[in-house]
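Read the structure below first, then the notes.
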Amino acid sequence: MQKIVILTGAGISAESGLGTFRAEGGLWAEHRIEDVATPEGFARNPKLVVDFYNARRAQAAEAEPNAGHLALSRLEKDFAGEVVLVTQNVDDLHEKAGSRRVMHMHGALKGALCGRCEHRWEAPLVMAPGDSCPQCTQPAARPDIVWFGEMPYDMEQIYEHLSEADLFVSIGTSGNVYPAAGFVSEARRHGARCMEFNLEPSAVGGLFNDIRIGPATQTLPEWVAEVLAN
Ligand code: APR
C-alpha cells in the first residue's frame, strides 16, 4: 500500500468539544443553514453570519486536538508511503496535532476572504461586518468559509489524489454533503479499498469495504498502530 487519502468531518472534532452539525442539538438544529451558511444569508444579515463564525472561531481557538487527530498526524509522519488529509472541518485541530498536509475543502475559520477581489488573509479573532480588504480596500471581508451553493476548494487536486489512492478512509462524516460524500464512489471507481470510521454507518456506508464503529479517539489510534505495524 502506497497512498492513503483520508477525509475527515465534524465527528473527529466532537471529542475535542466542538459540536457536529446534524446530531440532535447540533449546530444545524440551533441555526438555520439558509441564514448562516449561504451567500444569500450573508447578503441579508452579515452581522448574524459574522457573529456565528466569530463564536465558532473563539471555540476552535480554545479547543485541543484529541487522540484521533494525533493518530492521523502520527500516520503522516511514520507511514512509509504517502498520506493526504482532506478535511471538511473549518477548525485547525489537525494542524494543532501536527499534521502538515491538510486540505481544507470547506475553508477555515482562521481565514478571511474578500467578497470582491477574492484576496485571502488571516482573519482576526473577531471579524466585523464591513471590515475592509487589505488588498482592494473594499468593505467586503467575509469569513473564508465555503457556504452551501459555493464551490469547495482544491477539488481538482483532491480528485487526482482519489484516483491514485490505494486506500480511502472516511472519518466522522455523515455522508450528506456533496461533493465530499461522493469521494468514496470516486475512490472505489479507481480501485481503492475504502474504510469508514463513525459512531454508526453513514448515509453512504454501504459503499465501504470495512466500517469501524466507535469513537474516533479509540478507533483511530488502534487502526494507525495496525497500519504502522504492517
Ligand atoms: N467519532 C467518530 N464519529 C463521530 C463521533 C466520534 N466521536 N461523533 C460524531 N461522529 C459522527 C456522527 O455519527 C456523524 O455521522 O460524525 C458525523 C458528523 O456528521 P455531520 O454533523 O453531518 O458533519 P459533517 O459530515 O462533517 O458535515 C459535512 O456539512 O454543513 C456542513 O459544511 C459543513 O463540513 C460540514 C458538512
Filtered hits (lysines, Cα-Cα < 28 Å from Lys77, offset >= 8 within chain) -> Lys3, Lys96, Lys110
Nearest-0.05 FRET efficiency for Gln218 and Arg116 at R0 = 35 Å, using Cβ-Cβ distance, is 0.15
Largest-first ranking of Phe21, Phe197 by accessible area, probe 1.4 Å, whole protein assembly kept, is Phe21, Phe197
Full extension between Leu228 and Ser132 adds, at 0.36 nm per residue less the Cα distance, a length in nm of 29.8 nm
Whole-Hz Karplus couplings 3J(HN,Hα) for region 16-27, θ = phi - 60° and coefficients 6.51, -1.76, 1.60, Gly and Pro as x, run 9, x, 8, x, 7, 8, 9, 6, 4, x, x, 4
Here the FRET efficiency for Lys47 versus Arg22, based on Cβ atoms and R0 = 30 Å and rounded to 0.05, is 0.70
In whole Hz, the Karplus estimates of ³J(HN,Hα) for region 161-172 (6.51, -1.76, 1.60; θ = phi - 60°; x where Gly or Pro) are 4, 4, 6, 9, 6, 8, 9, 10, 10, 10, 10, x
Counting only protein heavy atoms and leaving out ligands, DNA and RNA, the solvent-accessible surface of Lys47 at a 1.4 Å probe, in Å² to the nearest 10, equals 120 Å²
For region 147-221, the percent of accessible surface on carbon and sulfur atoms (probe 1.4 angstrom, ligands and nucleic acids excluded) is 48 percent
Pseudo-spin-label distance Gln2 to Met155, built 7 Å along Cα→Cβ, given in nm, is 2.7 nm
Expected max-MSF residue from Asp92, Asp35, Asp144 in the GNM of the chain (alpha carbon, under 10 Å) is Asp35
The local net charge around Val184, scoring Lys/Arg +1 and Asp/Glu -1 for residues other than Val184 whose Cβ lies under 15 Å from its Cβ, equals 0
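Over region 1-130, with the other protein chains present, what is the accessible area per residue in square angstrom, probe 1.4 angstrom?
Accessible area per residue: 48 Å².
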Under 14 Å by backbone N from the virtual spin label 7 Å along Cα-to-Cβ at Glu40, the residues of region 132-155 are 148-150
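The values are calculated or read from the model by the stated rules, or taken from the named source; none is laboratory data. As the structure is a computational prediction, the values presented were derived from the model and not from experiment. A quick note on method: Cβ atoms are made from the backbone with ideal geometry, for glycine too, and the neighbour counts reach across all protein chains shown. Accessible surface is based on the protein model in full, side chains and every heavy atom, while ligands, DNA and RNA are left aside. Shrake-Rupley method; radii C 1.70, N 1.55, O 1.52, S 1.80 Å.
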